[in-house]
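*Asks:* Let me give you the structure first, and then I'll get to my questions.
The values are calculated or read from the model by the stated rules, or taken from the named source; none is laboratory data. A quick note: this is a predicted structure, and the numbers were derived from the prediction, not measured. The accessibility values were calculated without ligands, DNA or RNA, using every heavy atom of the protein model including side chains. Shrake-Rupley method; radii C 1.70, N 1.55, O 1.52, S 1.80 Å.
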Amino acid sequence: ARWTVDFDACASPINALAPRYSTVDDDFLAREDLKDITIYCNPPYALDRYGTGSCAAIEPFVRRLVELASTRGCTCIALVPVLAHQSWFHTHVTGAASGGRTAHEIHWVQGLLKWNNPFHEREPASPYIYPFALCV
């Protein structure tokens with residue numbers, strides 16, 4: 001593997017990619033104990049806890065990853081939908097809105113992703129309608 005993930009920022013006990021992880025109840029955005037590690041984050045797209053509207057809920061998580069990378073020496077990997085119409089994408093991923101690229105690497109995911117729910121015995125859901133990128 002190219003990266004060894006030390007911490008999964010948005011996980012559950014059944015899908016965590018690392019032994020250390022944060023669930024939606026742990027509030028990853030408020031954690032202060034993360035330093036010099038590799039963090040993976042598949043942010044909640046539709047969580048509206050922050051009153052930001054659909055998909056805009058991604059922005060606080062991507063902003064926090066950028067902060068951890070720039071101030072705490074973390075390598076941060078985020079799986080995000082390519083939403084070029086959202087300001088967070090231009091600010092925190094491409095850097096077009098801030099005058100310089102924020103993500104050091106952008107790996108475009110080919111094809112459309114599907115998420116399965118392990119608690120339902122049915123065919124996988126329809127693919128997500130946007131392409132995705134793995135941003136480092």
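*Asks:* Would it be correct to say that ARG101 is under 15 Å from the mean Cα position of the chain (by Cα) and either modelled with pLDDT under 85 or among the charged types (D, E, K, R) (or both)?
*Replies:* Spelling it out, it is not the case that ARG101 is under 15 Å from the mean Cα position of the chain (by Cα) and either modelled with pLDDT under 85 or among the charged types (D, E, K, R) (or both).
*Asks:* Tell me which residues, restricted to segment 79-95, are outside any helix (DSSP H, G or I) and open to solvent by less than 10 Å² (accessible area, probe 1.4 Å).
*Replies:* VAL80, PRO81, LEU83, GLY95
*Asks:* So PRO118 fits all but one of (1) open to solvent by 70 Å² or more (accessible area, probe 1.4 Å); (2) modelled with pLDDT of 65 or more; what number is the exception?
*Replies:* All conditions are met except number (2).
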